[in-house]
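The structure appears right after this line, and notes come after that.
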Amino acid sequence: MFRGAPHRRITVRRVLLYLALVTCAAVMLFPFLWTVITSITPEGTLANGPTLLVKDPTLNAYRTLFATLPMWRIVINSFAIAMASVALQLITGSMAGYAFARLSFRGRSVVFGAYLATLMVPLQVLVVPLFIEMKLLSLQDTYFSLLAPSMASALGVFLLKQAIEAVPRELDEAAVIDGASHLRIFTKVIVPLIKPSLATVTILAFMASWNSFLWPLVVIRSPELMTLPLGLSALHGEYTTAWDVVMAGSVVSIVPIAVVFVLAQRHIVAGLAHTGIK
Amino acid sequence: MTPTPASFAAARGSDTNNVITVSAHRDPGRGDRHSRQEDTRLHSHGARRMRPGRRGSGWRNAGWVLVFLLPSAVPLLLFTVIPMLASIWVSLTKWNLISAPTFVAFNNYRRLLTDPTTLDYFLHTGAYIVGYLPLVYIGGLSLAYVLDKKLVARSFFRAAVFLPVITSWVVVALVWQWLLNPAHGVVNTVLGALGLGQPGWWTDPNWAMPSIILASAWKDLGFVMIIMLAGLQSIPGDVQEAATVDGATGWQRFRRVTWPMLSPSTFFVVVISLINGLQVFDQVFVMTGGGPQGATQVVVGQIYNLTFRYGRAGDAAALSWILFVVILAITAGQLAGQRRWVTHA
């Protein structure tokens, strides 16, 4: 255990520190382990109290889960909506960021102020009228309605404007001399240079969409259009006591995002840390 | 607890000016302007005329502004600004979402503000924040402090703490409802084996809010840790060294040097936690649905119920604006107070 740090003496303090850390990691990870264990425990034995070593593990809960809800569809929905929202926010945000950072026009600061003002309005204020708006446009219970409130985010515009302002202007000017248009400067010069901020916006937008619950709960009725949080809560309502099925659903919704996390851990952590640094 | 747009705006918006000053220092500032002058000298004046952003102040530029702004302006206008304005109007009506709304002026606000149960929803929300914030802050700070040191398997420990952050609230709520199940849950089984009391957790009015707080702290601990880690890593090493040279002990160094220098990160965590906490909904809706006996009904839960259970859209809109004003007031108080304790604010 201490091979990695041979120059350090093994002190009582250090042993206690590692013990504390191992306990902490165990507490953080145990709920995940327990979720998996419960999902493979035969339904009848759950009431006998929990056991770490499952006798006769079974995949019945997963069978029930996939028979009750269109789970594949729901997982794909969640990914598709999250990725569409990310793509839209990257495009709309970086373009608006370019306009605010590089194009001078009358009323620019007023318009930017109006963008920032939309950040201050919490979703709860919007939910009722947005729902009514979707109803009036006959768009409720559609993919579009899921996506509508997250097509553009002023937060993304703000972060990307900051990033574009940090790109030296000479680079644009060199392109102008070569006869490039704004669209060319934007795509060929600016976008490649603001990748770290694009990554931050990607993570924030993805997690916001992946976690989103209140809006889908309000606007979606059909099981085929559900996202994972909504599907799980519907399952929970239906099977209040079938914990093996509910935990199987939880496993199905944790695994894809955990895979994404393991693959992109460094970017995710760096992207989130970036938001807290002034 | 990842920053929602609203919380982020509050935590960062106030010092928008600071941010801009900083980046102006860092980048397009003086040196840049200097080289631009050289540019004009070196290349013909044609280059100056064609500089992006200055070029053609007339219609051609307006065209570009529209091209770059419309993709974001249209959805923001349709799905944020218009609903927001509509919400003000809805809050002044009596409306069950089915028949035509009738204008009632400020009656909804008056009724909500004089109804004692409205205060209850805010108190429940406040109780959530009071329990949650110290847990995630002290836990996240301690973990960040320890995991900032060179340790074996450091990245494993960091990942273990961070994993719940990427798990959605609904999953967190379901998993904890099962862990804290009064009859067959693993927590009560262990407590029973140890001969300790077995609370009814989310089925007991007195234990329901602590259950929600526990689940929420588990999820957000890793996020707070990452923010505090980023703060720790931005503290220059020589400051610590100077304190050590001056004979400061480990605790003194933390208490007098490190922690005060973390105050911007602390401020960020406190502001975001308060704003997100005031809007708490998902985990409450799934774990308790506001029960038992209304013991955990929070403000947003009530907004949801008013609209979709009781068909009182006007009251719901009014309550959401009352919540908005409370959030705004608390955040403004935070921002006003930050000069007294946040370094470099």
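The values are calculated or read from the model by the stated rules, or taken from the named source; none is laboratory data. Everything numeric here is computed off the predicted structure, so don't read it as measured data. No Cβ is skipped: glycine too gets one built from the backbone with ideal geometry, and neighbour counts run over all protein chains shown. Heavy atoms of the whole protein, side chains included, go into the accessibility calculation; ligands, DNA and RNA do not. Shrake-Rupley method; radii C 1.70, N 1.55, O 1.52, S 1.80 Å.
The helices (runs of 4 or more DSSP H) falling completely within region B:271-345 that include 2 or more residues that are within 26 Å of B:P164 (Cα to Cα) map to B:282-287, B:299-308.
This table checks each residue for (1) within 8 Å of another protein chain (Cβ to nearest Cβ); (2) aliphatic (A, V, I, L, M); (3) surrounded by fewer than 20 Cβ atoms within 10 Å (Cβ to Cβ); (4) under 22 Å from B:I212 (Cα atoms).
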| site | (1), (2), (3), (4) |
| --- | --- |
| B:L141 | no, yes, no, yes |
| B:A144 | no, yes, no, no |
| B:D148 | no, no, yes, no |
| B:A159 | yes, yes, yes, no |
| B:W176 | yes, no, no, yes |
| B:P182 | no, no, yes, yes |
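Looking across B:W218, B:W201, one residue alone is within 27 Å of the chain's Cα centre (by Cα), within 8 Å of chain A (Cβ to nearest Cβ), touching a residue at least 12 places away in the same chain (Cβ under 8 Å) and closer than 19 Å to A:S250 by Cβ. It is B:W218.
Summed over region A:49-70, residues that are surrounded by fewer than 21 Cβ atoms within 10 Å (Cβ to Cβ) and in a helix (DSSP H, G or I) total 7. Checking each residue in region B:73-91 for being crowded, with 19+ Cβ neighbours inside 10 Å and touching a residue at least 12 places away in the same chain (Cβ under 8 Å) picks out B:S87, B:V90, B:S91. Please specify each residue of region B:302-326 satisfying the condition of being open to solvent by 10 Å² or more (accessible area, probe 1.4 Å) and of a type in the set (G, A, S). Hit for region B:302-326 is B:G311, nothing else. You will find that of A:L183, A:L230, the residue that is surrounded by 22 or more Cβ atoms within 10 Å (Cβ to Cβ), at pLDDT 90 or above and assigned to a helix (DSSP H, G or I) is A:L230 and no other. Going through A:V191, A:V251, A:V201 one at a time, which residue ends up being more than 8 Å from every other protein chain (Cβ to nearest Cβ), under 22 Å from A:G93 (Cα atoms), part of a helix (DSSP H, G or I) and open to solvent by less than 30 Å² (accessible area, probe 1.4 Å)? Result of the check over A:V191, A:V251, A:V201: A:V201. Hey, could you check region B:268-288 for residues that are out of contact with any Leu (no Cβ under 9 Å at 6 or more places or on another chain) and modelled with pLDDT under 90 and say which is nearest to B:G231 (Cα to Cα)? By that ranking, first place goes to B:F268.
Listed conditions (1) within 9 Å of chain B (Cβ to nearest Cβ); (2) within 23 Å of B:A62 (Cα to Cα); (3) basic (K, R) are all met by A:K135, apart from (2).
Answer yes or no as to whether A:V128 is more than 26 Å from the chain's Cα centre (by Cα) and either assigned to a helix (DSSP H, G or I) or buried (at least 19 other Cβ atoms within 10 Å of the Cβ) (or both).
Against the criterion (more than 26 Å from the chain's Cα centre (by Cα) and either assigned to a helix (DSSP H, G or I) or buried (at least 19 other Cβ atoms within 10 Å of the Cβ) (or both)), A:V128 does not qualify.
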